[in-house]
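As C-alpha cells, the structure follows; a few thoughts come after it.
No value in this document is a laboratory result; all are computed from the given coordinates. All of these numbers come straight from a predicted model, not from anything done at the bench. Cβ placement follows ideal geometry from the backbone for every residue including glycine, while neighbour counts extend to all protein chains displayed.
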C-alpha cells in the first residue's frame, strides 16, 4: 500500500487536497457504512483494516458460505469484496458520498482461493476525477502472498450542488 497515485491532475482541476489526504478515517467509514449500507457492512464479517484516501485494506472473515462446490472461494464472494473495497477507498478519498456507484467492474481470477482462510482486499485509486474514479483491487488469501484475483473498477461520483471536493 505504498503506491502514490498521480495527484497533480486532481490538484490542477481545483480539487481540495489530494487523493493521499483522507476525508474519512476508518472509524468514520465504519460508522457511515453501518448506517448507510448495513446490508453489506453490519454483519461484521468485513473489517476495514486501513484506509488513507489513496488505498485501503479490508478483511473478510472466512465462513463456509463463501465457498463454491469444489471447496474454493466463490467468484461472487470475491467480486462483492472487491466492489466494497473500491467503495471504501473512494469514500476515504472524497468523504461520505453515499450515492457513488459502480459503473464498471472487471475481474480476473488468477488462482484458487484457499478454503479456511480470510480474504484480504487491497484497493488503490489510480485516478480520481470530479465525476469518475478508477481503481484496482488485489484479492489474496490471508497468509498467502499470491494474488487470487485482480480487479479494475470505475465508480461514478454524483455531482453535489454547492459542494467542492
Output ordering of 24-35, 112-123 (per-residue mean of other Cβ within 10 Å, highest first) is 112-123, 24-35
A chain fully extended from residue 65 to residue 47 at 0.36 nm per residue, minus the present Cα-Cα distance, gains in nm 4.8 nm
Most exposed first, judged by fewest Cβ atoms within 10 angstrom, 109, 41 run 109, 41
Rg/Rh of the range 19-156 (Cα atoms, Kirkwood Rh), to two decimals, equals 0.95
Length gained if residue 28 through residue 160 is fully extended, taking 0.36 nm per residue and subtracting the Cα-Cα distance, is 45.5 nm
Heads up, the range 65-116 by the C-alpha gyration tensor (a ≥ b ≥ c square roots of eigenvalues; a/c under 1.5 rounded, else a/b over b/c prolate, else oblate) looks prolate
